[in-house]
Amino acid sequence: MSKELLGVSAVGLMVLGEFCAIYSEVVAARLAHTGNTSWPDLALPVLIMCFAGICLIGAYWLGYLAVGDIWMITVVSVTSLLLLEPLVIWSVFREVPGRGTLIGCCLGALGMLSAVFL
């Protein structure tokens, strides 16, 4: 398998894994918000998180095979978190971030850009 295909596969698995992990965390928080959560209610978020872990392990493995640089893989992981987490939170909770949270997200984006370009 070519390094380009490995890299594309790694990014795809990374995005899928991060999305599933964030989604399961947010769904668990949403269940806690209702105040009426039982252990069986948490079964689906736990299963989704297990699937997310498998995807992320595969993404890191394929990514390292493709680029040979763990820091580049970490930047891709953090970037996907930075982009996906606000979208998933908004889609589940329908909440917009407050001023301080929005400033924190913007500073996180600037930090990610500095890691990539400097």
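The residues on offer are S114, S91, and the sole one that is modelled with pLDDT of 85 or more and either exposed (fewer than 12 other Cβ atoms within 10 Å of the Cβ) or touching a Lys or Arg at 6+ places or on another chain (Cβ under 6 Å) (or both) is S91. For segment 55-70, the candidate set comprises residues that are surrounded by fewer than 15 Cβ atoms within 10 Å (Cβ to Cβ) and among the β-branched types (V, I, T); within that set, the residue that is farthest from the chain's Cα centre (by Cα) is I70. Can you find a residue that is part of a helix (DSSP H, G or I), without any contact (Cβ under 8 Å) to a residue 60 or more places away in the chain and either among the aliphatic types (A, V, I, L, M) or touching an Asp or Glu at 6+ places or on another chain (Cβ under 6 Å) (or both) anywhere in segment 88-98? No: zero hits.
Among the listed residues Y23, Y60, identify the single one that is under 21 Å from W90 (Cα atoms), among the aromatic types (F, W, Y) and in a helix (DSSP H, G or I). Explain how you work it out, then say what you get.
On the way: Y60 fails: under 21 Å from W90 (Cα atoms).
Only one candidate passes the filter, namely Y23.
Within segment 107-118, track down each residue that is over 26 Å from V27 (Cβ atoms) and in a helix (DSSP H, G or I). L107, L110, G111, L113, S114, A115, V116, F117 - these are the residues of segment 107-118 that are over 26 Å from V27 (Cβ atoms) and in a helix (DSSP H, G or I).
If you go through segment 45-92 and keep only what is among the aliphatic types (A, V, I, L, M) and under 11 Å from F19 (Cβ atoms), you end up with I48, A52, L56, L81, L83, L84, L87, V88. Exactly one of these conditions fails for I73: (1) surrounded by 15 or more Cβ atoms within 10 Å (Cβ to Cβ); (2) not in a helix (DSSP H, G or I). Give me its number. Looking at each condition in turn, I73 falls short on (2). For segment 22-54, filtering for residues that are within 22 Å of L6 (Cα to Cα) and either surrounded by fewer than 19 Cβ atoms within 10 Å (Cβ to Cβ) or at pLDDT below 95 (or both) leaves 3.
Restricting attention to segment 82-99, does a residue exist that is among the hydrophobic types (A, V, I, L, M, F, W, C) and under 24 Å from E4 (Cβ atoms)?
Within segment 82-99 (the criterion being among the hydrophobic types (A, V, I, L, M, F, W, C) and under 24 Å from E4 (Cβ atoms)), the answer is yes, since at least one residue qualifies.
Here T79 meets each of (1) without any contact (Cβ under 8 Å) to a residue 40 or more places away in the chain; (2) farther than 11 Å from V15 by Cα with one exception, condition (2).
The values are calculated or read from the model by the stated rules, or taken from the named source; none is laboratory data. All figures in this text were calculated on a predicted structure; none of them were measured in a lab. Glycine gets a Cβ as well: all are built from the backbone with ideal geometry, and neighbour counts include every protein chain shown.
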